[in-house]
Structure formats: C-alpha cells, structure tokens
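Below is one structure, written out as structure tokens; the observations come after it.
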Amino acid sequence: MITRSLSSLAQALAAKEISSVELTQLYLDRIARLNPSVNAYITVDAEKSLAQAQAADALRAAGQAGPLTGIPLAQKDIFCAKGWLTTCGSKMLGNFVSPYDATVIERFNAAGSVILGKTNMDEFAMGSSNETSYFGSVKNPWDNARVPGGSSGGSAAAVAALLAPAATGTDTGGSIRQPAALCNLTGLKPTYGVVSRYGMIAFASSLDQGGPMARSAEDCALLLNTMAGFDERDSTSLDRPAEDYGRDLEKPLAGLKIGLPKEFFGEGCTPEVMALVEAAIAEYRKLGAETVEVSLPNMKLSVPAYYVIAPAEASSNLSRFDGVRYGYRAPEYADLSDMYSKSRAQGFGAEVKRRILIGTYVLSHGYYDAYYLQAQRIRRLIANDFVEAFKQCDVIMGPTSPSTAFKLGERAADPVQMYLSDIYTIAVNLAGLPGMSVPCGFAGGLPAGLQLIGDYFSEAKLLNVAHRYQQVTDWHLQHPAGLV
Amino acid sequence: MKQWEVVIGIETHVQLSTQSKIFSGSSTAFGAEPNVQANAVDIALPGVLPVLNKGAVDCAIRFGLAVEAEVAPKSVFARKNYFYPDLPKGYQISQYELPVVVGGKVNITLGQGDTATEKTINLTRAHLEEDAGKSLHEDFHGKTGIDLNRAGTPLLEIVTEPDMRSSAEAVAYAKALHALVRWIGICDGNMQEGSFRCDANVSVRPLGQKEFGTRREIKNLNSFRFMQQAIDYEVQWQIATIEDGGRIEQATVLFDPDTGETRAMRSKEDAHDYRYFPDPDLLPLIIDRDWVERTRSAMPELPAAKKQRFMADYNLSAYDATTLTSSLEIADYYEAAVAVAGNAAAKPCANWVMVDLAARLNKDGKELADSPVSAAQLGGLVARIADNTISNNIAKKVFEALWNGEGRSADEIIEKQGLKQITDTGAIEALIDGVLAANEAMVAEFRAGKEKAFNALVGQAMKATKGKANPQQVNELLRKKLG
C-alpha cells in the first residue's frame, strides 16, 4: 500500500480495499516508528489527521469523493494550516498556531485530502540541506549520514522514507527540485503565479512558488490540479482558466526538441551526475526527441543576482517577526529596541540572520543601485536568455543538482559552497519559469535528478515529458532499502 | 536689521473615505473598540498578502483631476522599512519613485474683498499609502497597548513645492486643500479624528538669497489654528537662533499647543534609512485612459469652475461666489434655493444663505446638512419677497417659523398666519386716514417741523396692520397726505 501511486491509492479507497482512516493510521504508525530517525516531520497530530480522514470517508460514502479524497499528504511547515503549529522551521514561530488556512491548504481540504503532518524545512526556507532548521537536520533516507537537500528537505525525506505518499514543497531557488533530486523524487516548481502564495510564509516574494513533490509525474499532475488556480487574495496570482495538468501525460515525444544549454554541461557538475543526465537524454532520443545546443549566456550571474534579490526581499518580509504580536519574544528586555534585538537575535538562526544582514545592506542608501537594481537588470537578462533559448526548443534539460546528496555538516561552514548547490535551479526562479526534477539513476547508491525546464505555463508539457520517461525507466520506483 | 523670508512646504496626509482598508477588507470606520477592525492582513500574520482596494485609487484619480495634475499611467508601491510596534509588517506600503499623481496646483485667496489676492501653490506629487496603527500609552501599567484598527487605512499624501511665504499662506493652502478633498468626496475632513493631518517644512533665508535655508519639519498639525501658531513660533525661533549666531540643524519637531512652542523630536543623525524598494507582493498600478475618463465623468463641478459660473449666471460678486463655493454642500444648497426662487432673485438668495441662514445655523450650532429649513423652503421664501408678497421684515418671521417647523412652506405660513403684505393703495389710504385722525398731536408736531413725528406715524400705520402694509407705500402715501 505504501508504495502505491496516488491514483492507485484512490482506487483502493474507492474499492473499499482500505478506508482513509486506515490508510492515515498506517502512515501515522510508520511516522511514529521511523520519524525519530529521519526527522522529516516537525508536527504530527494524529487526532486532527484522523478526524480529517473520517470526514473523507464520510464524503466518499456520500458519493462525493474526488481524486484526492481521503489521501494523506505531508504539508511543508511553511503553509499556514488552521489549528496547526506552523513554524517555518524557526524558533521564531515555535509557538505559532495558525488561525487561518493558506490557500493551498484550503484547496487540499476542499479536495478531502488529509494533512498527515507538517514537514521539516530549512529555517524560513533558507538553505539547501535542511540543516538550518531549528528543529534539527533531516536525514536522507538513502543514507542517513547525508542531507536530504533543502529547503523542502522534510517533505522530500517524508516521501522517500514512505512516511507520506506525496508532499507539498516550495521553491525559491531550487527548494523543491534539489531535494527531489537528492531523495529520488519527482518535483515540480510551477510558473510563478500559478500556485497562490497566500498563507505560504514568505521568503522572497518575487521568487517563491509552491508545488508538488511526489514519486511520479502522474502524481505531481494530480496534486497540481488541486494546488493551482487563481486566488484573488494573492495579487501576483495569475487569472487563467483552470487546466488539467495531466491532460497530455501520454502524448508521444516524437519530434520533441530538447535544448541543452552549454552552460549546464561545462564545469561545476560531478562526472557521476553528468553521466546519469547524459544517459537520460540518450533515453529521450530513443523516445524520438531531438537535441539542440542552446545557450544561457547570463546563467553564471544567476547565483550572485539571486543572493542580492532573495535576501533583499527576505530582510523586509521577516521584519514582521518582531515579538510584538505573535511568535517568539525574548523573556527579558530593557526597552522596545532591546525587545526587538533580543527577540530577533534569539529567535532567528545564523543563516536567516546572515540573509537579513545581506538584504539590509543591499537595500541601504548608497548601495541600492549598485546591488539591488543591478541584480534586477541581470534578472531581466536571464529571463531574456530563456526567451531566446525557447525559440529553438520545447524543453531545456540538464542536471538539477551538481552532485548527489552531500554529507551532513560537510558544507554547513561554507555558505558559498552551499549556495552553489543551486547553480542549475536558481535561474529558473529568477525567470519565473516552470521546472521539474525527475529521478534519473544512482551514483554510489545515491539518487540523481534530471532537470526539465519549460516555457511559461508549460507545466502540462513538462509533466508529459517526465511521464513518458518514467514509463520507460524505473528509477523513480526505487525505494531506500529497509524501509518498505 | 536683516529682512528674512519664510519658506514653507506642506505635506498632508488625507485619510480616504473608502469603506474598507487599502490592502485588506477590514472596515475603516472610526471609533471602534481597539483591534476589532484588524484582520489577519492588518496584523500581518505570517503568510498574508496585500490586495489593493481600487476605491482608494479612484480617490487618487479624483484628486489628480481636481488639481490638474498628471495621473500616472503606471505607478509602483514600495516598502518603507522601519520597526515600530504600531507598524505590524515592519514596513509601510507606500509609493516612492513612481507616485500615482504627479504635479498639480491649488489656488489660494489671501485677504478679503477688494484687497484679496490670489496665489498658486504648486504640488510636487500625491501618493497612496497605508496608515499605521496607534500606540496607547495609558492604562497599561507601564506597558504600551497597540490598537491596529487604523493600520491599513488608505492615505493620500499630498506634497507641495516650497511655495508658501508665510503662515497665512500655509493656512490658506491647508484650508483650500481641506475644502477641495471634501468637495470631491475623497475625505471627510475630520481633523479631530485625524482624517486630515499636515506636516509643515519651514525654513528662513535672508531676503534675496537664492538658496533655501535648512528646514525643520513640524509634524502632525491637526488644526489650522495650531498650524498658524506653530509656524509663527518656528519662524521666530529660527530667526532668533540665526541672529544669535546659531545654526539651524535639520530636524523633525512637534508643536505643543499648551506652551505654543515647537521642540525637536529627532535630528537628522537619527534619520532612518527606510530602504525603499518595490513591493514584490503588488503589481505596478496601471491606470488606463478609460479609468481616468470614467472617474472624470463622475466628478462634481470643481470649485473654481462653479465660482465662475455663479458670477456669470447669477450676477454674483467674486466675494459672494467664493463664499457660496466654499463647500459643495453650500453651493448645492444655494443652487437649489435659486432654482425655486428664480434667477432674478439670485442675489437675495445669496444674502439669505450667507447671512440669515448662516447666522441661524451658527446660533444653534448646527451644520448646513442639519438645517431645518431646506433649500426649497428658503427659495420659496425669497420668491415671496421678490414678488412683494411679504416684506423683508415679515420674511424674517416666516423664516423663523420655517425653522421651528410651523409649516411646510413659506406660502403655507404666510397664508396660515395672514402675513400677506397689504399693497392695495385704497386700503392703505383708508388706514392712513384713520391713523391721522387718531393722532392729531403727532400730526401737529410734524407740521411744527419735527421729522421724528413722521416716523412715529409710519410706525402707527405699520402697527395697525401688524407690519403687513408695504412700508414703502405707507411712506409715500403718508407724505402725500401730510404734504
């Protein structure tokens, strides 16, 4: 049961092979047994989950079940969920019980799915290893000495360790795709504006985008159908007609033009990962696709531009965590200014502070033009690079992450090394494009991911391209030993 | 002694009369219990996002049109970052580099009557932003309470060029702006409740010097009287400081109405770096021609145009026309009265509105909107003076009767109380004959050269008709009889 796809779980529920309560209990039992070592979840609340499962079973009995009714899902702890502790991986929100539902949560609740728990993450989604979480690092189920990636590391580990059939993530610079690659999952970051950000705790507003993390493209399509859609509460949400993201899954790939940016295939990537990516591309050629070399000349500027824009927005977004109205407040302080500095000094971790400082600096009088405006110009150049590239191809491919999962602690002391974990994913956020990571094999027993990048609103095509590959490969069906 | 020139620029925060806040659906009504009008967005819970209230943009467009400014086709909301407990997000959403209204002007009148002069105050810009909440320092045993009801209330911040040269000009500008924003219906103008707050940037320089002096900003002036006092004090203080060999440091100051003094709140050294940047949660505000034209067509006639029209259509003096266009309510009231009284009675209508009605309202401490005498009723009254049905003196009685609700119209009261003027010459002659016969002594005094006796005889005649005889006719006929 625990290795089944979402649609097969739905069939099992429909056929009364299992009830939602039973299925939820099954996962809760696994979480109780395995989570202490994986640390994928920050919060589990069996009572709440089972109540939702019960309601889902009743909905099904009344003949009102949809494709996700009764299916338990892990929710990244960045999504506010009414009545749930919503920490965003931070001590700052260690006591914050959300009084409202994020739009994404509201949509899943309306679909009748069950919240299995809130997953661990880098503090305020700032990190690529899940090591910045106040609630402890997450172990990669493929090798518990290694990181699961980040920031959606808890979601990735939960699904990889079969502690949830699927999960949500958010991706600001690669936070869905990189952990998906490192944990052998399929993850999709949609076009900016497709999934509402309302209730998704902001890291960098112009880059943040929620999306699904699951075992297959097919599962991702199902999840995205529920997650996506216009939301008038998010001014950057796009008012577009609803679509079925799974509609093109089976389309043949003959004639598909795959763009291979030369910047993705030069230095920077480990040979083992590169070999797996090239093998995957060879598989696509067998499926009838053609490859063409394209160029993203400004790619090399994406990491520096990102590390100006994202911290700038974060420094402002995180100002609301001041100890005044909710969240952590220092127990002792002399005056207002002391309350602010102590609450924030004690409530935020080192990486968050580093980014607040960087962001404050680049927005300061006298530096704004040199850093922030310059970074915005680079951002436009990068977006234009993709526009040019998509004149020659339908989809761009390359590695998701330059390496497989690294060891816990290995890069924690070196922020620049850590930031380079995202060299292939960041440009996609800067351009606002959709991107996926798809399992493409193992090196030394550790999974690697193939990244697919599509033009704006080409989620259905990306899912199609991923799905056809998953029909001729079984990388995505592999599970860590000893967990099944 | 050196001659000094005063230079003043004014920033005004105008609270816009929208039902809900600028970026959330909470009510903007004043006076509710603390924090009951603060929703998830207003208290800045994690994850919430702002959504622009188009009603606030409508107000900004109206203002732009009213001051002949450019309504920017594209403006951008920016975050102004600073920490304060009544600023829940840690930043205020405002507009910085690209404001919604650019330029514009407000005309002010200085002095009255023949010596009145006009001056144009140029505007730099007007931008949309959200108000902060309030810190409550009382009743919390040494702690501070926060009320976020006001947080997110829409404001239009209107900034002038440094065009004013005296406190009188500054006050005239503030009054003209106050009247204008109420006229176009974007602000209730309630200064006690903080709906209209001014900051004055004041500097002095030797007369003839080109460069501006160093300015100090007087914050939060919420009455015209305080504005005048604060600027006057500040100007004296600056001149005295410089003349004593001191230098003016750029600073923000507060006016204390109790002492009549201004004192520095913070100096330039503690000035914030607000780290403005475009708010990534909001798209640029795009205002197309259509939106502007739709707004224009819904605009009331503006004061200047209405004043010109009143002078042309009703033959009013500039002074009368200015007074009658000092607010939209008074202008509408006046025009409704004239519509009943007829254009020929436009001038007496003006007098009745400006003098009699104004005095009566003042006596009862009432606003025009609460006047017991409607415009139609007043117009009906003036019509009866114009057609000689009643005299001006009787009209005052009828007005008082209308005020007290003794009848639905002037006609009804005139009829009911028998106040119709006697204009029949025969009737008046007969009346005079009776008066002369009954007052022989007075007649004799008059004939002996006592002019006062004549007035006494007129008085007797009027008394005999309870004032209803046409006084002019009584005069003429009496003189003829005694002639």
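The values are calculated or read from the model by the stated rules, or taken from the named source; none is laboratory data. Quantities reported herein were computed from a predicted structural model and do not represent experimental measurements. In this analysis, Cβ positions are derived from the backbone assuming ideal geometry, glycine residues included, and neighbour counts consider all displayed protein chains. Surface areas here come from the heavy atoms of the whole protein model, side chains and all, with no ligands, DNA or RNA. Shrake-Rupley method; radii C 1.70, N 1.55, O 1.52, S 1.80 Å.
Annotations for the structure displayed:
- Accessible area per residue, Å², the protein assembly as shown with all protein chains present, probe 1.4 Å: 40
- Taking label points 7 Å from Cα along the Cα-to-Cβ direction, residue B:292 and residue A:247 give a separation of 4.0 nm.
- Checking every one of the trypsin sites (Lys or Arg not before Pro) in the range B:203-309 against DSSP loop status and a limit of 10 other Cβ atoms within 10 Å picks out B:210, B:247.
- Taking the range B:270-305 and a reference point 7 angstrom along Cα→Cβ of residue A:364, the backbone N atoms nearer than 18 Å belong to B:270-277.
- Value in Å of the Kirkwood radius, where the protein assembly as shown supplies the Cα pairs that are averaged: 33.2
- For the protein assembly as shown, the residue among A:130, A:372, A:183 whose Cα projects farthest onto the positive side of the dipole built from Cβ charges is A:372.
- For the range A:92-110, a drop of 50 Å² or more in accessible area on going from the chain alone to the assembled protein chains (1.4 Å probe) is found at A:100.
- Size of the B/A contact, given as accessible area buried on both chains, probe 1.4 Å, in Å²: 2700
- The translational diffusion coefficient of chain A, from Stokes-Einstein at 37 °C and 0.692 mPa s with a Kirkwood hydrodynamic radius over alpha carbon pairs, comes to 148 µm²/s.
- Positive-pole candidate from A:147, A:221, A:476, dipole of chain A, charges at beta carbon: A:147
- Protein heavy-atom surface of the protein assembly as shown, 1.4 angstrom probe: 51% of the accessible area is carbon and sulfur, with nucleic acids and ligands not counted.
- The separation of the range A:98-121 from the range B:387-442, counted between C-alpha centres, amounts to 83 Å.
- Mean Cα-pair separation over length for the range B:425-482, i.e. relative contact order, pairs under 8 Å, 6 or more apart, %: 38
- Counted by Cβ distance under 14 Å from residue B:73, the other residues give a net charge of -2, where Lys and Arg count +1 and Asp and Glu count -1.
- Around the Cα centre of the range B:425-482, unit charges on the Cβ atoms of Lys, Arg, Asp and Glu (plus for the first two, minus for the last two) sum to a dipole of about 140 debye.
- Separation of alpha-carbon centers, the range B:228-262 and the range A:193-209, rounded to whole Å: 49
- Across the cross-link table entries A:118/B:74; B:21/B:143; A:76/A:257; A:139/A:286, which are compared at the Cα atoms, the separations over 31 Å belong to A:118/B:74; A:76/A:257; A:139/A:286.
- Dipole in debye (nearest 20) - chain A, about Cα centre, beta carbon charges: Lys, Arg +1; Asp, Glu -1: 300
- Cross-link reach is defined here as a Cα-Cα straight distance under 12 Å, omitting same-chain residues fewer than 8 places apart; for residue B:481 the aspartates and glutamates meeting it are B:429, B:433.
- A helix-only calculation puts the protein assembly as shown at -11500 deg cm²/dmol for mean residue ellipticity at 222 nm, using -39500 (n - 2.57) for each DSSP H run of at least four residues, averaged over all residues.
- Legend: distances between Cα atoms for B:397/B:452; A:91/A:342; B:119/B:307; pairs beyond 18 Å are B:397/B:452.
- Dipole axis of chain B (+1 Lys, Arg; -1 Asp, Glu on Cβ), positive-most option in B:83, B:337, B:224: B:337
- Three-way shape label, chain B, alpha-carbon gyration tensor, a/c 1.5: prolate
- When +1 charges are put on Lys and Arg Cβ atoms and -1 charges on Asp and Glu Cβ atoms, the dipole computed for the range A:368-460 relative to its Cα centre reaches about 120 debye.
- Inter-site label distance for residue A:293 and residue A:384 at 7 Å from Cα along Cβ, in nm: 2.3
- Separation of alpha-carbon centers, the range B:170-188 and the range B:316-382, rounded to whole Å: 21
- Loop trypsin sites (Lys or Arg not before Pro), the range B:96-177 (other Cβ atoms within 10 Å of the site Cβ: 15 or fewer; DSSP): B:143, B:165
- At least 10 Å² accessible surface lost relative to isolated chain, residues of the range B:74-100 (1.4 Å probe): B:79, B:81, B:83, B:84, B:85, B:88, B:89, B:90, B:91, B:97
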